[in-house]
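The values are calculated or read from the model by the stated rules, or taken from the named source; none is laboratory data. Note that this is a predicted model, so its numbers are computed, not measured. So basically every Cβ, Gly included, is an ideal-geometry build from the backbone, and we count neighbours across all protein chains shown.
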Amino acid sequence: NPEGIAMSRLEPNTYIKYSKIHENINIVKKRLNRPLTLSEKIVYGHLDDPINQDIVRGESYLNLRPDRVICQDATAQMALLQFISAGLPQVAVPSTVHCDHLIQAKIDGKVDLAEAIKTNKEVYDFLSSACAKYGLGFWKPGSGIIHQIVIENYAFPGALIIGTDSHTPNAGGLGSVAVGVGGADAVDVMANIPWELKCPKVIGVKLTGKLSGWASPKDVILEVAGILTVKGGTGAIVEYFGPGVETISATGMGTICNMGAEIGATTSLFPFTESMVRYLESTNRSDIANASRKFSHNLKADEGAHYDHIIEIDLSKLEPRINGPFTPDLMTPISKLAATSKANNWPDKVSVGLIGSCTNSSYEDMDKSASLVKQALGAGLPLKSVFTITPGSEQVRATTERDGMLGTFREAGGVVLANACGPCIGQWDRQDVPKGTPNTIITSYNRNFTGRNDGNIATHAFVASPEIVTAMSFAGSLSFNPMTDTITTPSGKPFKFTPPTGSELPSKGFDLGEDTFQHPPAESSGIEVTVDPKSKRLQLLAPFKAWDGKDYINMPILIKVKGKCTTDHISMAGPWLKYRGHLDNISNNMLIGAINSENGEANKIRNQFTGEWGAVPDVARKYKAQDIPWVVVGDENYGEGSSREHAALEVRHLGGVVVLVKSFARIHETNLKKQGVIPVTFANPADYDLIRPDDKFSLLGLTDFAPGKQLTVRLTRKSGETVEFPVNQSFNNNQLKWFKAGSALNYMKSH
Ligand code: F3S
């Protein structure tokens with residue numbers, strides 16, 4: 001490679017391709033003949049075919065070649081199982097797996113980690129051996145949260161990263177376009193297939209001024225969330241620009257990008273800044289810092305670039321904000337919180353303050369919070385709330401331990417949890433408040449939907465900067481404004497915090513702490529990936545059957561779904577999460593939330609051969625046992641919600657071959673195609689009403705299946721009478737090959 005700069009110190013043989021990005025940008029610029037935004041430069045810089053790719057923002061589907069794939073342990077299981085079943089020897093792009101989601105917070109970091117290693121041994125062993133065998137880096141439990149590790153080791157300005165976690169955009173703080181995706185997309189890229197993304201729109205956020213006092217990067221995104229709301233970023237990249245960007249640290253920009261997920265944005269992104277250079281240098285990447293400085297003309301928007309929407313924020317005027325409860329876009333400036341909280345009857349007592357998580361656990365965050373704790377300790381002021389600290393990575397933990405911050409937190413009575421997601425993903429054995437009791441918690445995390453942290457729907461969770469969370473934990477009251485209010489110390493004296501201070505980066509450099517990374521070995525042919533056939537949590541995938549070349553004739557309709565049917569209705573989360581690596585076990589949740597049009601009930605359908613009523617997965621299993629394929633009929637926007645591929649895999653696993661609906665959510669439609677199921681839509685939506693639950697369903701025209709060509713549905717009534725109507729399908733030539741082979745993976749394997 002002419003540039004010769006390794007993408008990561010952990011992967012000395014993978015190189016940054018700045019010249020390729022540059023070449024692509026030039027091709028696209030000539031074609032479009034207009035200035036480009038930064039996100040366009042990075043996205044188009046990774047096009048598979050920049051010469052012929054159709055490029056219309058918000059319309060075309062782009063085929064892209066990401067630099068890297070990252071997976072967390074909950075989603076990596078199915079992604080790796082699918083990759084294994086593709087039969088390829090090694091992943092095609094640098095990829096890593098991070099053990100962060102399965103560690104439950106209960107006592108403290110050390111004890112909880114030891115417990116998690118025992119409880120999840122089988123899953124960790126599988127991930128570790130599969131990573132070694134197929135060439136992925138493996139970050140062991142205790143190493144930290146995926147997004148903190150990625151910004152410390154893998155992100156760089158101009159990179160395109162995809163990750164099987166919605167807060168992957170965190171890497172935008174270091175100038176990467178980093179997008180959260182489903183496991184099936186990750187598998188495609190690992191198998192060298194281009195990644196498809198709808199050409200994003202671009203929302204510009206112009207930052208002017210400079211943060212000061214109590215205002216922090218978190219307040220920037222809390223403000224943006226308040227303006228754009230939870231849906232406002234859908235289909236768009238949020239791109240920051242303006243003189244204010246130069247005043248924020250790289251990890252602070254990471255916080256802002258991380259929480260962009262809360263407004264539904266594809267990702268968020270910052271242009272190249274000197275703070276990125278400082279961060280790269282302090283994490284031993286001076287070579288990348290130099291290369292990106294030389295490339296910096298491509299790491300900012302062109303003069304006159306067009307944004308679909310622009311927001312302007314003056315950082316100098318920003319006051320701290322607290323968002324919540326129950327939704328991250330309900331924004332209240334701290335000066336108005338006491339009155340708003342009273343008016344809404346939110347519980348005033350702050351039961352728990354939680355700092356850290358992937359959103360806010362940088363050295364700077366920890367240092368600023370510790371500066372407040374030191375003030376309180378000096379004044380003899382005790383904590384009034386339970387106070388927990390989640391370091392984002394082993395590197396942050398070791399460095400903040402060495403530099404005394406963690407000692408300061410402990411001295412005040414704080415509990416340092418494991419370097420893991422913990423309470424942020426509901427892995428929290430919370431003891432202080434019984435379930436059902438209304439109470440208030442305040443976190444420096446990103447999501448605060450009902451029940452997310454502790455499974456208690458009565459918990460009012462608020463989101464704020466770690467500094468505000470820390471101050472609130474000493475006040476113990478939601479009406480407290482640290483900028484103006486005093487707290488009375490046990491000696492009777494009034495105490496007022498002075499604004500927090502902290503260093504952006506450790507002056508003594510980072511301490512890497514314990515080595516928790518497993519490199520993929522140079523030679524892996526002798527490595528066995530073992531999955532116990534008796535396991536309840538893991539199961540190797542068997543390839544689905546290839547198409548037999550004939551039309552589908554006289555199939556039963558498993559369920560005709562009425563109304564909303566999201567991926568949660570098709571494959572519920574919650575307690576089912578533990579079966580994410582076991583397709584047969586998790587299939588016991590297939591469509592159990594969908595409403596049957598025949599009786600208006602969930603999870604109760606008629607077996608069309610015996611007439612008996614049963615649960616959806618049970619009836620499907622009975623058909624499967626007799627080798628009878630079946631069909632699902634659905635309503636509008638079928639499969640909206642998350643990109644989880646289990647919603648498609650389960651249907652295929654239990655014998656579903658066709659899903660006919662009024663309209664699809666795009667990702668679910670693609671996921672069905674990937675698993676060899678045919679998604680079709682009514683040419684005339686009113687034909688939905690023609691379908692009776694006991695009709696026999698045939699799909700005709702498959703022998704001439706071609707892009708853009710309608711297929712025909714024939715219903716055979718009990719009386720023998722038949723009804724026919726046309727249906728639409730959106731297969732392209734490549735997707736047709738998936739169908740014929742039985743699945744995208746089968747096709748991949750045979751070519
Ligand atoms: Fe983990 Fe919460 Fe971040 S679940 S990845 S710490 S959003």
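Of these, VAL632, VAL619, which one is under 16 Å from THR566 (Cα atoms), hydrophobic (A, V, I, L, M, F, W, C) and crowded, with 18+ Cβ neighbours inside 10 Å?
Answer to the check: VAL632.
For region 129-172, how many residues are within 16 Å of the ligand (Cβ to nearest atom), part of a loop (DSSP other than H, G, I, E, B), among the small types (Gly, Ala, Ser) and at pLDDT 95 or above?
Total meeting the criteria: 3.
Given the criterion crowded, with 22+ Cβ neighbours inside 10 Å, at pLDDT 95 or above and more than 23 Å from SER393 (Cα to Cα), identify the matching residue among GLU23, GLU40.
GLU40
Given the condition within 16 Å of the ligand (Cβ to nearest atom) and under 27 Å from SER479 (Cα atoms), answer yes or no: does some residue in region 371-389 qualify?
Taking region 371-389 first, the residues within 16 Å of the ligand (Cβ to nearest atom) are 388-389.
Filter once more, so that each one left must be under 27 Å from SER479 (Cα atoms): 388-389.
Among the residues of region 371-389, at least one is within 16 Å of the ligand (Cβ to nearest atom) and under 27 Å from SER479 (Cα atoms), which makes the answer yes.
Going by the structure shown, is ALA178 part of a strand (DSSP E or B) and in contact (Cβ under 8 Å) with a residue 60 or more places away in the chain?
When the stated conditions are applied, ALA178 passes them.
So which residues in region 331-361 are more than 30 Å from MET276 (Cα to Cα), in a loop (DSSP other than H, G, I, E, B) and in contact (Cβ under 8 Å) with a residue 12 or more places away in the chain, if there are any at all?
Hits for region 331-361 are TRP346, PRO347, ASP348.
Please pick out the residue among VAL111, VAL123 that is surrounded by fewer than 15 Cβ atoms within 10 Å (Cβ to Cβ), part of a helix (DSSP H, G or I) and not charged (D, E, K, R).
None of the others qualify; the one that does is VAL111.
Just a yes or no: is a residue in region 434-449 more than 16 Å from the ligand (Cβ to nearest atom), basic (Lys, Arg) and modelled with pLDDT under 95?
yes
Which helices (runs of 4 or more DSSP H) sit wholly inside region 362-421 and have at least 1 residues that are under 17 Å from GLY254 (Cβ atoms)?
363-379, 394-402
If we keep just the residues of region 49-81 that are over 25 Å from ILE149 (Cα atoms) and either in a strand (DSSP E or B) or touching a helix residue (DSSP H, G or I) at 6+ places or on another chain (Cβ under 9 Å) (or both), which is farthest from the ligand (Cβ to nearest atom)?
The selected residue is ILE51.
Condition check: in the same structural domain as ASP403 (by TED's automatic domain parsing), in a loop (DSSP other than H, G, I, E, B) and over 30 Å from LYS674 (Cα atoms). Does MET472 satisfy that?
On the way: in the same structural domain as ASP403 (by TED's automatic domain parsing): yes; in a loop (DSSP other than H, G, I, E, B): no; over 30 Å from LYS674 (Cα atoms): yes.
Against the criterion (in the same structural domain as ASP403 (by TED's automatic domain parsing), in a loop (DSSP other than H, G, I, E, B) and over 30 Å from LYS674 (Cα atoms)), MET472 does not qualify.
Can you name every residue in region 270-299 that is closer than 24 Å to SER503 by Cβ and aliphatic (A, V, I, L, M)?
The answer is MET276, VAL277, LEU280, ILE288, ALA289.
Please go through region 228-257 and pick out each residue that is of a type in the set (A, V, I, L, M, F, W, C) and part of a helix (DSSP H, G or I).
Result: LEU228, VAL245, ALA250, MET253, ILE256, CYS257.
How many residues are surrounded by fewer than 24 Cβ atoms within 10 Å (Cβ to Cβ) and of a type in the set (Ser, Thr, Tyr) when one looks only at region 354-376?
Summing the residues that are surrounded by fewer than 24 Cβ atoms within 10 Å (Cβ to Cβ) and of a type in the set (Ser, Thr, Tyr) in region 354-376 gives 1.
What single numbered condition from (1) within 30 Å of GLN77 (Cβ to Cβ); (2) at pLDDT below 95 fails to hold for GLY656?
It fails just one condition, (2).
Looking at the structure I just gave you, is ASN746 in the same structural domain as MET590 (by TED's automatic domain parsing) and in contact (Cβ under 8 Å) with a residue 40 or more places away in the chain?
Values: in the same structural domain as MET590 (by TED's automatic domain parsing): yes; in contact (Cβ under 8 Å) with a residue 40 or more places away in the chain: yes.
Answer is yes for this residue.
Got a number for residues in region 283-330 being among the hydroxyl-bearing types (Ser, Thr, Tyr), touching a residue at least 24 places away in the same chain (Cβ under 8 Å) and assigned to a helix (DSSP H, G or I)?
So the answer is 3.
Filter region 331-353 for residues that are within 21 Å of LEU417 (Cβ to Cβ) and touching a helix residue (DSSP H, G or I) at 6+ places or on another chain (Cβ under 6 Å); which is farthest from the ligand (Cβ to nearest atom)?
Let us first name the residues in region 331-353 that are within 21 Å of LEU417 (Cβ to Cβ), namely 350-353.
Now narrow it down to the ones that are touching a helix residue (DSSP H, G or I) at 6+ places or on another chain (Cβ under 6 Å): 350, 353.
Details: VAL350: 20, GLY353: 16 Å.
So, considering only residues that are within 21 Å of LEU417 (Cβ to Cβ) and touching a helix residue (DSSP H, G or I) at 6+ places or on another chain (Cβ under 6 Å), the one farthest from the ligand (Cβ to nearest atom) is VAL350.
Hey, among GLY163, GLY172, GLY135, which residue is surrounded by fewer than 24 Cβ atoms within 10 Å (Cβ to Cβ) and in contact (Cβ under 8 Å) with a residue 12 or more places away in the chain?
Result of the check over GLY163, GLY172, GLY135: GLY135.
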